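What follows is a short report on a single structure.
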Amino acid sequence: MERFDYRRMSFYQIWIRSFADGNGDGIGDLYGVYDKLDYIASLGVDGIWFSPIYPSPNADYGYDISDYRNIHPDYGTLEQFRKVLDRAHALGLRVIMDLVINHTSDEHPWFLESRKSRTGPYSDYYIWRDPKWKGESRLPPNNWYSQFEGLAWEYCPEREQYYLHVFAKKQPDLNMDNPKVREEVKGIMRFWLDMGVDGFREDVITFISKHPQLPDGLPFVPAINGMPFYKDGPNLMAYLREFRAVAREYGAVQIGEAPMTPLKTAMTYLTGEDRVLDMMIQFDTMMADCFMTEYIHLPFSLPKLKRAFSKWQLALSGKGWNALYLENHDHPRVISRYGSEEYWRESGTMLAAAYLFQQGTPFIYQGQEIGMTNIRLGSIEEYQDVATINTYHSFRRHQSEEKRLRHVHIASRDSARTPVQWDDSEYAGFSSVKPWFAVNPNYREINVSREEGDEQSILNFYRRCLRLRKGSETLLWGDYREYFPLHRGIYLYERSYRGERILVVCSFSKKEQDWQLPKGYAWEGSQVLLCNYPGEPKPGKLRPYETQVLRW
Ligand code: GLC
Ligand code: CA
C-alpha cells in the first residue's frame, strides 16, 4: 500500500541542532522547528527529513543513539514532536525520521548490558570477538580501521573481548545477524510509524550485514580497509526485506544511505516489484572534487560530475527512482565546492537548476536554499565534528598544521553544521544567546530575511524551481538525456515527455561562454521558463554561472 507518491515530492533536511533555537539556550530544537514550519512550507517542498533528534551523548551529534523511542532533551519532548508532526501534516508536509541501526551509542542500555558479560540477554546484540594473541601481546581480532577514530576494535576488560565500531569508539556496531536485534529494529520502526511519521532515511543501511569471518582488509588502506567485508554484505537483502515488510504495512517511504555502493549492486536494492528501498543516497555525485572522501581533495571536474549525474539518471530511468541532492550534513557547502563564492548568487542558483530538474526526488539541506557557504575557523579547537578532528590529527606526521587546517576548511562537514542564518541580527537570528557552534561571519550578507525581499535571491530561485518542477509532467516524468558530456564548462541536459522537450543549460564557468543547441533544435519556438539573470537571456550566450531552462 502506498499512501503518497514520493516521486512527486521534494524534501527539506533538518539537522536540528543548528536549525533554529526556540527556547533561548543556544541549541536548535523542536520549538524552533515549529516556528519555522510555515517557512519550510513556503519553499514549496513536500516533506521534512529529520536527522536524528533522539537522546544521544552526541559523540557523533545524534548518530550515536542512546534511546530510540524518545526525543533528546536539548530538542524537546515527544509531546512537542507530536505537535510538530501534526502541524507539518496540516501544512501538507510529510515527515521522515533517521533510522540509525548499524550502531547505537555505547551509552545505550543494550550496550551497557552487553559489555557486562558473555552470557546476559544482550550479550549477543553487538559484534564481540576474542583477541588475537601474538605471544604475550593482545591484538584486535582483525586489522580494520574505523572510519572516524583509529582501529575499528575497542577492548572491554569485563568480557575480555573486543567490540567492533565501524565509526567512532562510542558507536558500537549492532549484530544484525541476531534475530532479536532485527525485531528491535522493527519495533522502533513501528513506534514512529504508529505515531504517524511517513518513512525513514536509513543511515549507512548497507553496512548492517558483516562478512561472517571478518577477514583482514588491506593493510595499507586506512579508514576503509574493512569496507569490502561490511558493505553490501551477504545477508543485507534478507534483512532489508524484513524491514521492508514493516514499512509496506504503513505505506512508508524508505531512503537508504549507501556510501560506495556501486550502481550494479544498487540496482538490486532499487528496482523490481520487490525492491527493498524506494531511493538511495549514493555518493558518486559528491566526488567531483575529491577521491573517496573530501579530505583527498582534487580540482573540481565538471565532466566527472556530469558522468555521475548521467550514470544514475540513465540506469534508474523506468526502473527505479533517484534521490537527488548536492548537500547534506555530511558534506561541505556546495557553492564553496562546485560553484564559486565570488559568483555566489549566480553559482548558487545555477547549482539548483543543475540538479532539481533531473528525474528524481530532490533533497534540499537547511541553509542550502539561501546559499550558505563553508566556514573557515582559525584553529582545530573550534571544530566540533569527531570525523573532522580525528582526520586532522591523523595527518599530523605528514602535514603541517597550516596545511591540515586548510584541508579542514575545504572538507569538513562542520561547514554544513553552522547555525542557519535567519537575519542580520546578532547570532544571525538563530538564537538570542551565543550558539553552541560558530556562526559563519557572512551572515550579514547571507540570510533568509534579506533574501526574502530580493526577487533575484537564491532563496526565491529555489522556490521558482520547485514550483516549476511540480507543475511540469515533463520535469517529473520525462526521459533524461545529456548533451556534450565532455564539455568542461557547460552542463546541458534534456527532459522530454509526450512531445514536450525541456533543455536545462548550466554554466560552471567564471567566463562568458558560447553554446549551441543540440541537433534537432532551433531557437525558433523556444520559450524561456527560467533564467538566473534578470531580463531575457541571449540565445547562444551564457554569462558566468548562468542557467537557463528552455522549453519546446
Ligand atoms: C552516516 C551519517 C553520518 C554519520 C555516520 C555514522 O553517514 O549521515 O552523519 O556520522 O552515518 O552514523
Ligand atoms: Ca534550544
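All of the numbers you see were taken from the coordinates with simple rules; none came from a lab. Nothing here was measured: the structure is a model prediction, and the numbers come from that model. Ideal geometry is used to build each Cβ from the backbone, glycine not excepted, and the neighbour counts take in all protein chains shown.
Quick notes on this one:
- Sequence ranges 108-115, 155-162, ranked by mean other-Cβ count within 10 angstrom, highest first: 108-115, 155-162
- Cut-off 13 Å between beta-carbons: net charge of the residues surrounding Gln384, Lys and Arg +1, Asp and Glu -1: -2
- Evaluating 6.51 cos²θ - 1.76 cosθ + 1.60 at θ = phi - 60° for every residue in the stretch 185-197, the Karplus couplings come out as 4, 5, x, 5, 4, 4, 3, 7, 5, 4, 6, x, 6 Hz, glycine and proline recorded as x.
- Amide H contacts for Ile281 (H built 1.01 Å from N in the peptide plane; partners 5 or more residues away or on another chain; cut-off under 5 Å): Gly256, Glu257, Ala258.
- Counting only residues at least eight positions apart within a chain, or on another chain, the lysines with an alpha carbon under 20 Å from that of Lys180 are Lys116, Lys210.
- Positive-end residue, the chain charge dipole about Cα centroid, Cβ charges, pick of Gly217, Met287, Tyr493: Tyr493
- Between the alpha-carbon centres of the stretch 227-262 and the stretch 279-296 there is a gap of 20 Å.
- Computed over neighbours whose Cβ is under 12 Å from that of Arg159, the net charge equals -2, Lys and Arg +1, Asp and Glu -1.
- Separation of the Asp424 and Lys304 label points, Cα + 7 Å toward Cβ, nm: 3.8 nm
- Sparse-neighbourhood loop sites, chymotrypsin sites (Phe, Trp or Tyr not before Pro) in the stretch 245-316 - DSSP loop, at most 15 other Cβ within 10 angstrom: Phe300
- Total lysine pairs whose alpha carbons fall under 24 Å of each other in the stretch 394-552 (8 or more apart, or interchain): 6
- Cα-based helix-to-principal-axis angle, 458-470 vs the chain, degrees rounded to 10: 90 degrees
- With the highest mean first, a sort of the peptides 398-404, 482-488, 234-240 on other beta-carbon atoms found within 10 angstrom per residue produces 234-240, 482-488, 398-404.
- Around the amide H of Thr104, modelled in the peptide plane, lie the amide H atoms of Leu174, all under 5 Å away and 5 or more residues distant in sequence or on another chain.
- Among the trypsin sites (Lys or Arg not before Pro) within the stretch 506-552, those in coil by DSSP and having at most 12 neighbouring Cβ atoms inside 10 Å are Lys511, Lys519.
- Simple spin-label estimate for Gln527 and Lys83 in nanometres, 7 Å along Cα-Cβ: 4.6 nm
- Under 19 Å from Lys319, Cα to Cα: lysines that are on another chain or at least 8 residues apart: Lys264, Lys311
- Taking every alpha-carbon pair within the chain, the share separated by more than 30 Å comes to 51 percent.
- In this structure, the amide hydrogen of Ser10, modeled 1.01 Å from its nitrogen in the peptide plane, lies closer than 5 angstrom to those of Asp46, Gly47, counting only residues at least 5 positions away or on a different chain.
- Phi to ³J(HN,Hα) by Karplus 6.51 cos²θ - 1.76 cosθ + 1.60 over the stretch 161-166, Hz, x for Gly, Pro: 9, 9, 10, 8, 9, 6
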